[in-house]
Amino acid sequence: MTDKIKFEIHSEDLQIALSLVEPFIQTRRSSFSSYDPLSILDAVLLEGSCSNNVIEITASDLEATCRTFISIKKIEEDFAVAIPGKSLAKLQRLFDGLVKFTFDPDKEKLQARFGKSTTTFKILNAEEFRKPSSEISGGPIMTFDRREMKQVLEEVLAPAKSADDIRPGLQNVFFEIKIDDNRVNIFSTDGVLLSLNTYFPISLMKSEEIHLTFSLHRNNIRKLIDALGRIQAKIIKFHFTNKGNMMLFLAPHEAMIYFLTDLEATTSYHHTRKL
């Protein structure tokens, strides 16, 4: 018989963490069942580490993933559990004060107690939850001011309003990284207007690639803008793979946000530049 795992999280810390991951939670299904293998797509992953007393909360829609970190006083042992994301996100608005969690591996349930209320969550096998590796190596690393990047993305996003699925590039925001010039061109277009912003990062660590181009769908840009508005860190690190097929935003001890870039739309990059 496995011992129950207990831990406590202050409601304010939990609300901040869940507000970051909520836009990344899938809303594909209305039900959540341990008998449905696809239910894992609607879950968030809670992981506890007793070595550093940190709770990690991860949500993913397979194209974009957000991981947040909460430091707590004590965790008795390591654990990992997947629970319905939307249920937790909605319930966290009711939390007040200290929230006491109890994870019972034998009964496969997670309970949350706050005040005189108790809520029991259905759980799934955490091993079924897919999340990207925390290691992204080989590509350049850019350091930038969080507020400046948020403003740049908001300005560039405006023209990316097309509903034309035949030309996916019109729904994307493009990034062109010029290593030698220490600059990043960020732009989007609706086929008529072109919005271009050249951003000079605080630092840009060189790599084997001196010129990278890739794009993100406007929905993922909106998620990133929302996250940059909630993160407290002033300076953010921005990692890329050599091929530009994955990018990572890192706010140390606060959040990690991964994106799979839209390589198909990026093939229209040179054509878009001629508009």
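Things worth noting here:
- Leu110 being free of Cβ contacts under 8 Å to residues at least 24 places away in the same chain, aliphatic (A, V, I, L, M), farther than 12 Å from Ile9 by Cα and in contact with a strand residue (DSSP E or B) (Cβ under 8 Å, 6 or more places away or on another chain): no
- Spans of helices (runs of 4 or more DSSP H) in the stretch 182-275 with at least 2 residues at pLDDT below 75 and of a type in the set (A, V, I, L, M): 263-266
- Any hit, the stretch 33-53, residues being at pLDDT below 85, closer than 20 Å to Asp3 by Cβ and either outside the structural domain of Leu224 (by TED's automatic domain parsing) or not hydrophobic (A, V, I, L, M, F, W, C) (or both): no
- Residue count for the stretch 44-86 satisfying the condition of being farther than 22 Å from Tyr258 by Cβ and aromatic (Phe, Trp, Tyr): 1.
- Members of the stretch 141-179 that are assigned to a strand (DSSP E or B), of a type in the set (Val, Ile, Thr) and either at pLDDT below 85 or surrounded by 19 or more Cβ atoms within 10 Å (Cβ to Cβ) (or both): Ile141, Val173, Ile177
The values are calculated or read from the model by the stated rules, or taken from the named source; none is laboratory data. In this text the structure is predicted, and so the values were computed from the model without any measurement. Ideal geometry is used to build each Cβ from the backbone, glycine not excepted, and the neighbour counts take in all protein chains shown.
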